[in-house]
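Everything on this sheet refers to the single structure shown next.
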Amino acid sequence: MKYEILEHKADLKIRAFAKEKSELFLNMLLAMSESQKAEVLPEKVKKEIEIKSPDLSALLVDFLSEILYLSQTNKEVYYKVEFSKFEDFGLKGKLFGQKVKRFGEDIKAVTYHELDIRQREDGSWEATVLFDI
């Protein structure tokens, strides 16, 4: 399982799972993108992304926030990222997705509320993010 939608009264709460940190970011991207319920067009898109943050938790929020901004501004949805650099304080890579006719769910923001990112005892990673909808 890459992610699960958790119950929340008013917002969207997602928990993602992965073997590595970079895969965790990809799975959270996938969860956020699929939650937007976009009506996609056939046109493919590719964008460069580079983020620097003070720590891993901030990096996850900044990464998702930048993708949400790009998604809404360009009317695109992204389903894949290939990292050329991935560290706890920064990342660089390419986003891949499609143009969007319309979004079925409006995600307003990525929040720090109830944010959790951690390595489990078995070495795998888990993150929980709350999105304002």
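Some notes on this structure:
- Residue match in the stretch 92-106 (condition: outside any strand (DSSP E or B), at pLDDT 95 or above and either over 22 Å from Arg15 (Cβ atoms) or β-branched (Val, Ile, Thr) (or both)): no
- Only listed residue being at pLDDT 95 or above and assigned to a strand (DSSP E or B), chosen from Leu41, Leu59: Leu41
- Answer residue from the stretch 3-51, given it is polar (S, T, N, Q) and open to solvent by less than 20 Å² (accessible area, probe 1.4 Å) and is nearest to Asp116 (Cα to Cα) among those: Asn27
- Among the conditions (1) within 15 Å of Tyr112 (Cα to Cα); (2) in contact with a strand residue (DSSP E or B) (Cβ under 8 Å, 6 or more places away or on another chain), Tyr79 misses just one, which is (1).
- Some residue of the stretch 93-109 being within 13 Å of Phe131 (Cβ to Cβ) and basic (Lys, Arg): yes
- For the stretch 52-67, the candidate set comprises residues that are open to solvent by 30 Å² or more (accessible area, probe 1.4 Å) and touching a strand residue (DSSP E or B) at 6+ places or on another chain (Cβ under 7 Å); within that set, the residue that is farthest from Thr128 (Cα to Cα) is Lys52.
The values are calculated or read from the model by the stated rules, or taken from the named source; none is laboratory data. Predicted, not measured: the structure shown is a model, and the values here were computed from it. Virtual Cβ from ideal backbone geometry, glycine too; neighbours counted across all protein chains shown. Side chains are part of the model used for accessible areas, which takes the heavy atoms of the whole protein and leaves out ligands, DNA and RNA. Shrake-Rupley method; radii C 1.70, N 1.55, O 1.52, S 1.80 Å.
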